[in-house]
1. Which ³J(HN,Hα) values in Hz, rounded to whole numbers, follow from the phi angles of region A:176-190 under the Karplus curve 6.51 cos²θ - 1.76 cosθ + 1.60, where θ = phi - 60° and Gly and Pro get x?
2. With a point put 7 Å past each Cα toward its Cβ, work out how far A:Lys279 is from A:Val12 in nm, to one decimal.
3. If I stretch the segment between A:Phe59 and A:His379 completely, what's the gain in nm (0.36 nm per residue apart, minus their alpha carbon distance), one decimal?
4. Which of the residue pairs B:Lys144/B:Lys238; B:Lys42/B:Lys248; A:Lys64/B:Lys166; A:Lys70/B:Lys166; A:Lys278/A:Lys430 have a Cα-Cα distance greater than 26 Å in the structure shown?
5. How fast does chain B diffuse by Stokes-Einstein, in µm²/s, taking the Kirkwood radius from C-alpha pairs at 20 °C and 1.002 mPa s?
6. Note down the net charge around A:Ser97, summing +1 for each Lys or Arg and -1 for each Asp or Glu among other residues with Cβ under 12 Å from its Cβ.
7. Please give the direction-averaged projected area of the C-alpha convex hull for region B:1-141, in square nanometres with one decimal.
8. What is the percent carbon and sulfur in the accessible area of region A:136-233, measuring with a 1.4 Å probe over the protein chains and ignoring ligands?
Amino acid sequence: MGRKILLAHDHVPGIQSYEVYRKHGGYNSVEKAIKTMTPEAVVEEVKKSGLRGRGGAGFPTGMKWSFLAKPEGVPRYLVCNADESEPGTFKDRYLMSRIPHTLVEGMITSSYALGVNAAYIYIRGEYFYIVSILEKAIEEAYANGWLGKNILGSGYHLDLYVHVGAGAYICGEETALLESLEGKRGNPRIKPPFPAIAGLYGCPTVVNNVETLAAVSFIVNEGGDEYAKIGIGKSAGTKLISASGHINKPGVYEIEMGISVEDFINSEEYCGGMLNGKKLKAVVAGGSSVPILPADKILHLANGEKRLMSYESLADGGFGGGTMLGSGGFIVMDEDTSIVENLFTFARFYHHESCGQCSPCREGTAWMEKILHKMIDGHATLSDIDLLWEIQAKIEGNTICPLGDAAAWPVASAIRHFRSEFEEYVNNPKSVKKVIRMAL
Amino acid sequence: MAKVTIDGRTIEVPDGTTILQAARMIGPEVAPPTMCYYSKLKTSGGYCRTCLVEVTKGSEKDPRPMPKLVASCRTNVMDGMEVGNITSPKVIEARKGVVEFLLLNHPLDCPICDQAGECHLQDLSYEHGSSKTRTDFERRTFEKIDIGDKIQLHMTRCILCYRCVKVANQITDGRVHGVINRGDHSEISTYVEQAVDNDFSGNVIDVCPVGALTDKTFRFKSRVWFTKPVTAHRNCEKCSGKVNLWYKGEEVLRVTGRKDQWGEVEEFICNTCRFDKKSTSDWTIEGPTTISRHSVISANHYEVFKKPTEFKLNEVKPLTIQEGDKS
């Protein structure tokens, strides 16, 4: 059994409620931080832990926190990014709906460390049923003196708000999220300035993922060094993986980073092997944006070693032969899956979600979707494959925010690894086997 | 002060200058093209991605190159920065891509578009685009909308540069003009097709880089290259009154703000000057306007051509058919 941190008490009945959560050690980190530690000491522990952002980019959290500007007389904000919209990712939903207090606790401790007096949880519109769960948890935290004025008699005060988005993928991009939180249209801002300098209402702001903030409690309780021991190398700690697709046991699993991909797919503890005993064809390892990898490449590195579930190992081989851990949306596809149809689903998604500010993404995502649609209808030509390749190359890196990259990478990797399948769609559109769409 | 080198040419500029401004100070040869940036409008730029440049050396302190191409209009110079614009193959390639994206849904109806001849998109595609199209999909179209009685919005031609939105936000009072919908369905719109009704609304016509926002008092009156611009002014209570008048014969066909060599107006003008003062007696004429840079009008593109009526009969060579060609 791998070590559990975030989901350690997931099995406890009634863990959603304050009493049960508190009985199982809940809010100890707040007590410890506020009573015995300075804010700087908390930041120092987080730095030592090697915790990295769990939203997808994997940026070291301690470093992000240390970038936060601290001018006199200007408020600072902590914003929790709960706009989990990446296709294939549903870990935050699980965590927030099952153990809401773990996020509230992590946010209080983190706010204390950053000297924040107002924190926000920006949650996606489709998670409306979680809003009431979170609000209840926050209410309980207020009632028990963990939030509000003069927490634990320390003179520190904090208010925590839940803000519901309207259901746009783009609002998961941190600057678009801030715009939306300010009540404007959710368009990404042009950086610099970064939120650490000028974020919410022009004030220094830290935006962190749900899972990242939840992990802070453990780091404060047990110490950063203890957290750094879990996992492998620079991929410290545990990671929630949303496993979906053609596996026996889809769901959210907390893994200790460093287990092999093969074990993750086949072990009874996690995915439980391939559905109906089919063969593995490909895996999208970190949510729809990351490059898709065929079975041999996802299971083994170029040197024949086993590929591990960690930031470094999954990225091994660069973009030609590797992928990314991303947000941990682990989508497994069996031998019957059509890569082209699956790619079309992704392309349609990115087209729909593009904000339309910058031209490469606005026009390019739509163009790619149209070409893929043509391909599935059996009207494409071989030159369309090259055209697809060129379009993605011209989007990638040239846009305001990472949505352009997110739309380009799946196309690039699908063509790179499964070109023959695209050619099949062009050459024999009638006979091509497009039985099973991806089971998200 | 910061020393910056663009395409091998060095200039010293004050801190806080953008790469684009520094390039413009050096001269038009190294200045990246812009479609959405407008120096007179705050927070403009960053959207169209035509001004992308490659930063090959970050600064003297941190010489690492920037990993991605950056929008020169929104990136400040650092001391010792080295930038590649037209000397960078990456930039040329990316810019070609941007032109293709911008034209993807553009109707290419230049022959019937009032902007033709002074259209930034036309210039951009001549200089950086490709001569053929690679898309055979139906282009996005919209119904024409009248914004008030003087301005027409033809969204089909729009490239969503957001300049008019910035004008509406910053120069005119009351925010009645913005972007609705998302992605490639985005469109410029007024709320519930309300008229944009204030004294400076006409400036959205001047800032529009394409023919999406046009002057209804000028529509289809003349091709711009058949009109003669003169510089003129009048005493105006609302604005500076400094304008260009566009003559055809004795008639003033339209009035616009004076544009500099980057195609940006020097001063915004009011609607009275723009729409109501259309006779020579309203104005003090200063002299003919010189139009610089790559304008079709100034380059006399069309003067080398003769109209069919100007040909003399003996100049026209009759088509001869060779014996073997008869089939």
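1. 5, 4, 5, 4, 5, 5, 6, x, 9, 5, x, 9, x, 8, 8
2. 4.7
3. Details: separation 320, 0.36 × 320 = 115.20 nm, distance 4.29 nm.
That pair, A:Phe59 and A:His379, stretches by 110.9 nm at full extension.
4. Values: B:Lys144/B:Lys238 30 Å; B:Lys42/B:Lys248 35 Å; A:Lys64/B:Lys166 33 Å; A:Lys70/B:Lys166 31 Å; A:Lys278/A:Lys430 24 Å.
Flagged as over cut-off: B:Lys144/B:Lys238; B:Lys42/B:Lys248; A:Lys64/B:Lys166; A:Lys70/B:Lys166.
5. Working: Rh = 21.8 Å.
Diffusion coefficient, whole number: 98 µm²/s.
6. Values: positive: A:Lys91, A:Arg93, A:Arg98, A:Lys136; negative: A:Asp10, A:Glu84, A:Asp92.
Every neighbour counted, the sum reads +1.
7. Working: hull surface 38.4 nm².
Averaging across all directions leaves 9.6 nm² for the Cα convex hull.
8. Values: 1990 of 3710 Å².
About 54 percent, which is the carbon plus sulfur part of the accessible surface.
The values are calculated or read from the model by the stated rules, or taken from the named source; none is laboratory data. Note that the coordinates shown come from a computational prediction; the quantities given were computed from them, not determined experimentally. Note that each Cβ is placed from the backbone with ideal geometry, even for glycine, and that neighbours are counted across all protein chains shown. Heads up: the accessible areas ignore ligands, DNA and RNA and are worked out on the full protein's heavy atoms, side chains in. Shrake-Rupley method; radii C 1.70, N 1.55, O 1.52, S 1.80 Å.
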